[in-house]
Every structure is written in structure tokens, then in C-alpha cells.
Amino acid sequence: MCGIVGYIGRNDTKEVLLNGLEKLEYRGYDSAGIATLSNHGVDVFKVKGRIAALREKVAEDDTFSNMGIGHTRWATHGAPSVENAHPHQSASGRFTIVHNGVIENYQDIRKQYLADVNLASETDTEVIVQLVEVLYGELNDVSAAFRKAIELLKGSYAVGLIDAEDQETIYVAKNRSPLLVGLGDGFNVVASDSMATLKVTDRYLELEDKEIVIVNRDYVEVQKLNGKVVDRDPFTVELDAMDMEKGTYPHFMLKEIEEQPLVIRKIIQEYQDENDEIKLDENIRRAMGEVDRIYIIAAGTSYHAGLVGKQFLEKLANVPTEVHIASEFSYNMPLLSEKPLFVFISQSGETADSRSVLVKIKELGHPALTITNVPGSTLSREANYTLHLHAGPEIAVASTKAYTAQIAVLAILAVDTAKAKGLTFDFNPLQELGIVANAMESITDLQEEIEQMSKDYFAETRNAFYIGRGMDYFVAQEASLKLKEISYIQAEGFAGGELKHGTIALIEEGTPVIALATQENVNLSIRGNVQEVAARGANTCIISLKGLEQEGDAMVLPKVHELLTPLVSVVPMQLLAYYAALHRDCDVDKPRNLAKSVTVE
Ligand code: F6R
């Protein structure tokens, strides 16, 4: 969701900006633009649509510039269009800005400060740059005008601003939206995500909310809003730029599905000590031992992983656990227990809905643990503890390997908590995850069969249902989300027993119903539910677990521990969705209307 890149140095800025924006494409966007500054002033290039079109537009101009700002926009205020695309300029054209986030008081600012200014776009962003110009008129100092403008903003923002009369500075500020400053030799960069600029530097400065940064070619100065200069050490991003390439794969999603066995093995390695026991931060162990209830907070796919995690935490570690959708929890908080621990599950670590809960529970003084794929992310920095997913960058918008990594880490956490409490049982998650990794591999080997199944069930349909009971119900929900987000087939995941309470009315001749049968205690019941829909014309398909299979099952998954079945049953679901989207000519990695990192509430 919206991405920012900025560069100030001695080389040509255009390639750094375009390359950076391409690396941010995975976040989701609908328009893009860059602004470059050179001796003849500011040039702005903007397009509705893809970066490839922006590249063509930029190529028509050969002006050399060694500083500029770029942006991918995911529309919030105003439709996707060239007018609403960033960068935006002030009325005189002197100031140019890119912005991520939502300015809540933009109407008030407009009324109070910009009554005489004609706005060229429908965006809240333009208000910021016009405000800077009006304040500059009063203060006659760009730095002071920028600071004052930032002080007046309410809401979330990450901004980069350039002044046509100053080829030495990019002005940067941030509140509740991610932004990093990257440090180079003779240049510096600004980026929403280090992936954008990893090609040029791996050293970054984290920014805190309500900080302003003066970014020059040779220095960077971080200031608090009151002007106090902050001294901060950079951190090194340990990412291989190659991890962000799709290599020979046609899509990142397919690459990431196939990487899942490797990710599971990496997790085993990272969470295992030299005695083959679970290795976990002692502080987390202690915190888990002290709680009387866990509140899992997450969104989308991460929420679905949380539903599985609750089973581990309750069944293995005996800790009552609730799972909440972050956006609902923010304004509808349940009664909390005396010693709660909040567990935030987030691939990106930047989801604004989750962050808003984190801010609230911190105000209440409750501890938080974040399980994320991005250790330096906002949710990680602001929580008391972090568990890393070690899944490597997930670029496809549809989450796959992060989901399975989240479940694997939750299983390890639950067993560690149980052991610390002296509970004993016959389940070694590290060993069992090894079996899971092998099983995943044998499923990804079945791609031709799964592609054919996808054709059989989804080629023509407008809707589809997934059903399951127990653990399978949680996977059914994730399976339906995968299908709808990338193939645009209307899909729902239901508890097998619930269909007859209403939804079965939707079953018609040929409606696809995919059933999961991996749980022994409900194997016969879910098969009964399949009979019910088949009798009403549904095109049914059963995916079962070795040992529970019956004649006619479409696929039999290799045997893994019953608690860990979601890790294997989700793989054919991901592939079914992938092929459905592929055969419908959908943009698999960048589905319409969606963003990878959802940084607005
Ligand atoms: C679906 C998907 C989303 C995310 C959700 C939360 O494939 O990717 O549903 O799971 O937006 O994102 P994170 O995990 O980054 O907090």
C-alpha cells in the first residue's frame, strides 16, 4: 500500500527511483510518479497504472538530475488518476511532496489555511504541500514551514518534500506510517521499505513517530518536532537482494508456495538448540509463563493463522486464548483478564489496524509479543518481544509462506510454554515439522494434478465453497480467502456442520464444494456434509489425510501430526487458487484493489 522512495546523491536519480518503485510494487498500487530536481527546476512524471508505463514516460526526457522523490499510490482520497497520483506540487510549483497515510484533519486545514488556494487534486496529500507554501509565506524559512506544517497534521503520514530552490535537501517526516532513511557513501535514500533501496545500501536509520529528518547528500539529521537533534545508530538489513527476484518462476506466488518446505526447515534450525530442544528468548518464556489469557490480534491470512495458533495454545499449553480481528478490536475491546498477553501476528509488521491495537494496549500497560517476518517493522519495534518467522521476503500480495511460518512458530511457542509449565505430552514440534516439510514437498510435486483440479472445479464458476471441521474449518477460511483475492471467484469457507443452517440454499447444479478431511474425529461427519451438498447438485471434491482416505477422494495428503495438518492441507489450496487465477488471466502477484502492506486503518 503506497510506497515512497527518495534519492539525493551524485548519480542519476531516475533509475534509483524507478527501480525502488518496482521493488515496492508488491505492496499494491494503482498509480505512480516521480519528481526530479535539476538546474532547470522540478520535473514531475505521473501515470495511472503500472511502473512500466511510468518508465516509458520518464525515458522521453533526458535531463540529468541527482535528487528526487517517487511514489506508488493506493487510492484512499480520490480515484486512481494522474491528477491524484503523487508527487503533488504547491500552487507556485516551488514545493513537491510524496505522502503515505491518511491526513484526518485535511478538511480543517483546507478551511483554515487554504481558503484562497485552488487545489489541483482530490487528495489529502496536496493539502500538506499547499500548507507548506502558505506557511513559508509567513515564516520565510523552508525548514520552519515544513516543521510547522507537520505539527498541524493529524493522522498518519510518511512524507518526502523537495524545494525547487534547494538542490541539497529532502525534507522527511513520519507518523504511524513506515519510513526509513538509507545511508550511502556520497548519497542517501528514503524508502517505505528497505527492499526498495537494498540495491544501493543495506544501512538504515529507523525513524520514530513525529520525527523530522533533513536528508542531504553527505549527512542526515534526525530531529524531534521541537527541533532537538537525535543521535541514532544505523542498523544493517540482512536481506539478500536475490531473495527479491523471482528467478525462473513465472510468479512470486508460485515461488513462495514452493519455498514453504525450506522455510519450515529454516524455522526448525532457528528455533532448535544444540541439544535439539526448543530455543526461545528467556524473556518470552517468562512472559508466556505469567499470563492468564492470550489475546491474538491479526488481520486476513494472519488472523487465520491465529485461529490455528489458538488450538495449540489451549490444547498444548493450557492457556485460554482469544483471536481477534485487529480492525474490530480497536473499538470493541472485550473485558480483559488480569494478566493478559497480546500476541500480534503480522507478516509485514506494518498493518495499521494491528498497530492501532498495539498503541491502545500499551497505554493500558499490557505486554505485547509480535510474530512477524520483518523484525525491524513497526509492530516488532513497539512490542516488548518479537518472534521472527524467517520466511524471507514475501512479495506476492497473497500470503502463503508467511501463513505456514506463522503456524509453525505458534506451534513451537505453545509447546515451549507447555514444557516450561511442566506439562508433558508426546509431541515434539521440531521433529514433527521436519515431517511436515517433506510432506509439503511431495504436494508441490503434484502441480499438474492440482492444475487439472483447478480447471475441473473453477474454470467456469462464479462462486465456490470450502468446508471443513475443526482445524480443517480454519484452513477452509484461508483457502477461500486465497481463491477470492487472486481469482476474484466469490468464495467462502464454512464449518461443515453450519452449511445446512442457511448457506446450503446457495448450492446449485455444479457449485464447487471443496472439503477437507484431515481430522479423524470428524472424518465421517464432514463426509456426511459432502453428501448433503452432492445430493443438491454440488461439484464436490474431498482432500483427505493418509489413513483417513476413502475411495473417490480427489487427493490424499501425506500423514503428518493431526495438529499440524493445516500446514500441509493449505498447500493444495494455495495451488488451486494460483492456477484458478492463472487460467482466468488474473494478475496473480498483484491482484486488483489489494495492497501487501496495509498501512491505513
Ligand atoms: C492475504 C493477505 C492479507 C494479510 C493481511 C494482514 O493473502 O496477505 O489478508 O494477511 O493484510 O497482513 P499482515 O500479516 O502483514 O499484518
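Cross-link check: pairs K154/K362; K266/K482; K210/K279; K315/K546; K210/K482; K199/K455 evaluated at a Cα-Cα cut-off of 29 Å; pairs beyond the cut-off: K210/K279; K210/K482; K199/K455.
Summing Lys and Arg as +1 and Asp and Glu as -1 over all other residues whose Cβ lies under 14 Å from the Cβ of R293 gives a net charge of -3. Between Q107 and T63, the modelled labels are 3.7 nm apart [label points 7 Å from Cα along Cα→Cβ].
For segment 201-265 versus segment 105-184, the inter-centroid distance based on Cα atoms is 24 Å. Per residue, segment 535-597 exposes 38 Å² of accessible surface when a 1.4 Å probe is rolled over the protein heavy atoms with every protein chain present.
Straight-line reach from K48: which aspartates and glutamates have a Cα under 14 Å away, not including same-chain ones fewer than 8 places off? Once the sequence-local aspartates and glutamates are set aside, what remains near K48 is E25, D30, E56, E83. For segment 1-31, the residues whose amide N sits under 15 Å from a probe point set 7 Å from the Cα of A53 along the beta carbon direction are 29-31.
Peptides 164-172, 137-145, 77-85 ranked from most to least packed, by the mean per-residue count of other Cβ atoms within 10 Å: 164-172, 77-85, 137-145. Per 0.36 nm of contour for each residue apart, how much would the distance between K199 and D116 grow if the chain were fully extended, relative to their Cα-Cα spacing? Result for the pair: 25.5 nm of gain on full extension.
Split the accessible area of segment 361-449 by element, probe 1.4 Å, and carbon with sulfur accounts for 48%. Largest accessible area first, the residues F312, F235 order themselves as F235, F312 under a 1.4 Å probe with ligands, DNA and RNA left out.
Taking 22 Å as R0, compute the FRET efficiency from the Cβ-Cβ separation of K279 and F425 and round it to 0.05. The pair K279/F425 has a calculated efficiency of 0.65.
Put the Cα centre of segment 56-89 next to the Cα centre of segment 495-524 and the gap is 48 Å. From most to least packed by mean Cβ count within 10 Å, the peptides 195-203, 589-597 give 195-203, 589-597.
Once the Cβ-Cβ distance of K500 and E449 is raised to the sixth power relative to R0 = 30 Å, the FRET efficiency obtained is 0.45. Within the chain, DSSP assigns beta bridges of which about 60% are antiparallel (rounded to the nearest 5).
For the cross-link pairs K46/K401; K246/K596; K401/K484, the ones whose C-alpha atoms lie over 24 Å apart are K46/K401.
A simple packing score, the average count of other Cβ atoms within 10 Å per residue, orders the peptides 109-120, 252-263 as 252-263, 109-120, with the highest score first. Only protein heavy atoms count here; on that basis, with a 1.4 Å probe, E245 has an accessible area of about 80 Å². Looking at segment 305-380, the GluC sites (Glu not before Pro) that sit in a DSSP loop and have at most 13 other Cβ atoms within 10 Å of their own Cβ are E338.
With a simple spin-label model that places each label point 7 Å from the Cα along the Cα-to-Cβ direction, the separation between E245 and S337 comes to 4.9 nm.
Per residue, segment 164-288 exposes an accessible area of 47 Å² to a 1.4 Å probe, with every protein chain left in place. On the beta carbon distance between E508 and A79, with R0 = 45 Å, the FRET formula returns roughly 0.80. Working from label points 7 Å from Cα in the Cα-to-Cβ sense, the D231 to Q167 distance is 3.4 nm.
Sum -39500 (n - 2.57) across every DSSP H segment of at least 4 residues in the chain, then divide by the residue count to get the 222 nm mean residue ellipticity, nearest 500.
Mean residue ellipticity at 222 nm (helix-derived): -11000 deg cm²/dmol.
Considering only DSSP states other than H, G, I, E and B, which chymotrypsin sites (Phe, Trp or Tyr not before Pro) in segment 404-476 qualify as loop sites with at most 14 other Cβ atoms within 10 Å? Sparse-neighbourhood loop chymotrypsin sites (Phe, Trp or Tyr not before Pro): F425.
Computed extension length for E314-A535: 75.9 nm, one decimal, from 0.36 nm per residue of separation with the Cα-Cα distance subtracted.
The values are calculated or read from the model by the stated rules, or taken from the named source; none is laboratory data. Values in this document were obtained by computation on a predicted structure and should not be read as measured data. So basically every Cβ, Gly included, is an ideal-geometry build from the backbone, and we count neighbours across all protein chains shown. Heads up: the accessible areas ignore ligands, DNA and RNA and are worked out on the full protein's heavy atoms, side chains in. Shrake-Rupley method; radii C 1.70, N 1.55, O 1.52, S 1.80 Å.
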